[in-house]
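Reviewing the structure listed below.
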Amino acid sequence: MPELPEVETVMRGLAAKLQGRRLERVVLHRADLRFAAPAGLAQAVQGARVEGFRRRGKYFFVRLDTGFSLLVHLGMSGRMLIDAPPAAHEHLTLLTDDGSRVGFVDPRRFGSLDLLATEMEDTHWLIAGMGPEPLGNEFNEPDFADALARRSSPIKTVLLDQSVVAGIGNIYASEALFRAGISPRRLACQVGPAWIARLVPAIRATLTEAIEAGGSSLRDYVQPSGELGYFQHAWRVYDRAGQPCASCPGAPACAGIRRIVQSNRASFYCPRTQR
């Protein structure tokens, strides 16, 4: 699933193309995605001018001059393609007043679309329970420490909980924990102030660098332009089981990066450097 850096990259690509443009034609090819899109969505959006964008966790809003926002979630395999030919599994098509074309393609149909009043964005049922944005001021060490102190699950599992912090997924949780030197096995309530002082900036740095690289391109994700993201080339532990750890002297002192399964998700870490 695209995580915060991928969604931010997609949103920025769309903003560069759609900001200020009028949506001359909107076609919803099918409404039965993960959740059914509201009846009349295409008609309500058609003719509106795009005034801005906002991301919240792994979701983003397209804000319109009508006072409504189009909520988009890419799901597991969703993509937004700009000025590309019509594609298989294209569920939403946007045609603008300057001739641009945007298609929402989602082969597995785990994505979702909704329409709501812009002023109600934060109360939408998919958004209301989210924790703070990890790149915003609301994400800080005291509040994060308080959230972790109440949880006895492994820290890796807690980082994936969107009610604790929004937007972090499997890739960036593993990478941030490696940078902070924290084992994914450590219980969240055992991550004390000294560790939190390392983890918060590690999360911020990991996500910021990933955004700058255009995200991590996996099986389905590409940028709206069709280009790949490049952060996967900077992975230090994710999907590198058995490979040498860049922070270790190698065998026999370190057997390399290890893969374990936590809550049905793969975690990658260095047992020697992460405690």
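Please go through the range 257-275 and pick out each residue that is outside any strand (DSSP E or B), in contact (Cβ under 8 Å) with a residue 12 or more places away in the chain and more than 14 Å from SER183 (Cα to Cα). Correct list: SER263 only.
A single entry from GLY99, GLY67 fulfils the requirement of being in contact with a strand residue (DSSP E or B) (Cβ under 7 Å, 6 or more places away or on another chain) and either among the charged types (D, E, K, R) or on the phi > 0 side of the Ramachandran plot (or both): GLY67.
With respect to the stated conditions, ARG108 is loosely packed, with under 15 Cβ neighbours inside 10 Å and among the basic types (Lys, Arg). Per the conditions (1) of a type in the set (A, V, I, L, M); (2) within 30 Å of THR206 (Cα to Cα); (3) at pLDDT 95 or above, the sole criterion not satisfied by LEU28 is (2). Among all residues of the range 74-90, there is none that is under 22 Å from the mean Cα position of the chain (by Cα), β-branched (Val, Ile, Thr), under 17 Å from LEU18 (Cα atoms) and modelled with pLDDT of 95 or more.
Counting only strands (runs of 3 or more DSSP E) that sit wholly inside the range 58-143, not one has at least 1 residues that are free of Cβ contacts under 8 Å to residues at least 12 places away in the same chain and of a type in the set (Ser, Thr, Tyr). For the range 1-49, how many residues are under 23 Å from the mean Cα position of the chain (by Cα) and assigned to a helix (DSSP H, G or I)? Total satisfying the criteria: 15.
Restricting attention to the range 14-31, does a residue exist that is polar (S, T, N, Q), in contact (Cβ under 8 Å) with a residue 24 or more places away in the chain, touching a helix residue (DSSP H, G or I) at 6+ places or on another chain (Cβ under 7 Å) and not assigned by TED's automatic domain parsing to the domain that holds LEU207? Looking for residues that are polar (S, T, N, Q), in contact (Cβ under 8 Å) with a residue 24 or more places away in the chain, touching a helix residue (DSSP H, G or I) at 6+ places or on another chain (Cβ under 7 Å) and not assigned by TED's automatic domain parsing to the domain that holds LEU207, one finds none in the range 14-31, hence no.
For (1) surrounded by 15 or more Cβ atoms within 10 Å (Cβ to Cβ); (2) not aliphatic (A, V, I, L, M), each residue gets a yes or a no:
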position	(1), (2)
VAL72	yes, no
ASP83	no, yes
PRO86	no, yes
LEU95	yes, no
GLY99	no, yes
ALA117	no, no
MET120	no, no
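Condition check: surrounded by fewer than 24 Cβ atoms within 10 Å (Cβ to Cβ), farther than 19 Å from PRO132 by Cα and touching a strand residue (DSSP E or B) at 6+ places or on another chain (Cβ under 7 Å). Does ARG179 satisfy that? Criteria not met by ARG179. Evaluated against (1) at pLDDT below 95; (2) under 13 Å from ILE155 (Cβ atoms), GLU209 falls short on exactly one condition, (2). Residues in the range 31-57 that are touching a Lys or Arg at 6+ places or on another chain (Cβ under 8 Å) and within 20 Å of ASP106 (Cα to Cα) were compared, and the one that is surrounded by the fewest Cβ atoms within 10 Å (Cβ to Cβ) is ASP32.
Residues checked against (1) modelled with pLDDT of 95 or more; (2) aliphatic (A, V, I, L, M):
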site: ILE182; (1), (2): yes, yes
site: ARG186; (1), (2): yes, no
site: GLN223; (1), (2): no, no
site: GLY229; (1), (2): no, no
site: HIS233; (1), (2): no, no
site: PRO252; (1), (2): no, no
site: SER263; (1), (2): no, no
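Screening ASP83, ASP97 for residues that are closer than 13 Å to VAL26 by Cβ and not aliphatic (A, V, I, L, M) leaves exactly one candidate, ASP97.
The values are calculated or read from the model by the stated rules, or taken from the named source; none is laboratory data. All values reported here derive from a predicted model rather than from experimental measurement. Quick reminder, even Gly has a Cβ in these numbers, built from the backbone with ideal geometry, and neighbours come from all protein chains shown.
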